[in-house]
1. Ordering Ile181, Ile102, Ile62 from largest to smallest accessible area (1.4 angstrom probe), what's the sequence?
2. Sorted by accessible area with a 1.4 angstrom probe, largest first, how do Thr48, Thr179, Thr144 fall?
3. Could you bin all the Cα-Cα distances of the stretch 140-200 into 5 Å bins starting at 0 and give me the percent of pairs in each, rounded to whole numbers?
4. Between Arg42 and Met218, what is 0.36 nm times their sequence separation minus the Cα-Cα distance? Round to one decimal in nm.
5. In what sequence, largest accessible area first, do Phe204, Phe157, Phe166 appear using a 1.4 Å probe?
6. Taking Cα pairs under 8 Å and at least six residues apart, what relative contact order does the stretch 40-131 come out at, in percent?
7. Compute the separation of the alpha-carbon centres of the stretch 202-252 and the stretch 38-83 and state it in Å as a whole number.
8. If the chain between Arg247 and Ile109 were fully stretched, how many nm would it gain, using 0.36 nm times the residue separation less the Cα-Cα distance?
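The values are calculated or read from the model by the stated rules, or taken from the named source; none is laboratory data. No experiment lies behind these values; they were computed from the predicted model shown. Quick note on the areas: whole protein, heavy atoms, side chains included, nothing else; ligands and nucleic acids left out. Shrake-Rupley method; radii C 1.70, N 1.55, O 1.52, S 1.80 Å.
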Amino acid sequence: MSASDRLLTDAELKGTNLEGLHARPLRARRLLTVYVYEAPVRLWHWVTAASIVVLVVTGYLIGSPPPSLSGEASSHYQMGWIRYLHFAAAWIFSVGFAGRVIWAFMGNIYSRELFFLPVWKKAYWKDLLDEMLVYAFIRKQAKTVIGHNALARTALFFCFTLTGLFMIATGFALYSDGTGIDSWEGHVFGWIMPWLGGNLSTHFLHHWGMWVIVLFVMIHVYTVSREDIMSRQTLISSMTNGYRTFRDDRPD
């Protein structure tokens, strides 16, 4: 029997903060730490998070403009700054997304989980159901996963990867209205607005895409906080130092 599997005795608890408890139910556990998220992935995560905050705030103000300020528009340039910050954050988001796609081919196996779902695997559907039961408080503990679990992976793929691509495409299509049909934005993305029914409907869908991402971010913050507190593994700290620590040595 290894040291990590040995049952503690009552005598070994004396002088510790566990003194007075019955030792038999307690088992010495080892902490397993795995390097999961590489530095480029962590940098992309936080830069993208910051750009999303700017995009959401400025995008909301573009869709629902604040009251006009008194005096000449040239003296304060309110909407101009809002649009400038929106476009700048959009470029950061888009370039970061492209870099993230490139890193999926250069990084470790966990860097690729954002871009596909293994729907052909029976284990994926089983893990997805298990995670749903955990969040429904029907099952007590989830299976330990080194990368993203099946539910997180599914939510990321649909609510971030696909929605993010849609927001980039429709955003540049709307931007081509200002740069002109002969610009590179017009040549690459100009076909999108007629396909979606025109400028107004593209604005409408782009705005609703923002709310999909807002809802996703809210659920994302809740789930990672919940997992960090209640599960057998760390999550929040893993996106700052790259290491995920498992709090017990159970095989599942």
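1. Ile181, Ile102, Ile62
2. Descending order: Thr179, Thr144, Thr48.
3. 4, 17, 18, 14, 11, 8, 8, 7, 6, 4, 2, 0
4. 61.4 nm
5. Largest accessible area first, the residues go Phe204, Phe166, Phe157.
6. 35 percent
7. Here the answer is 24 Å between Cα centres.
8. 47.4 nm
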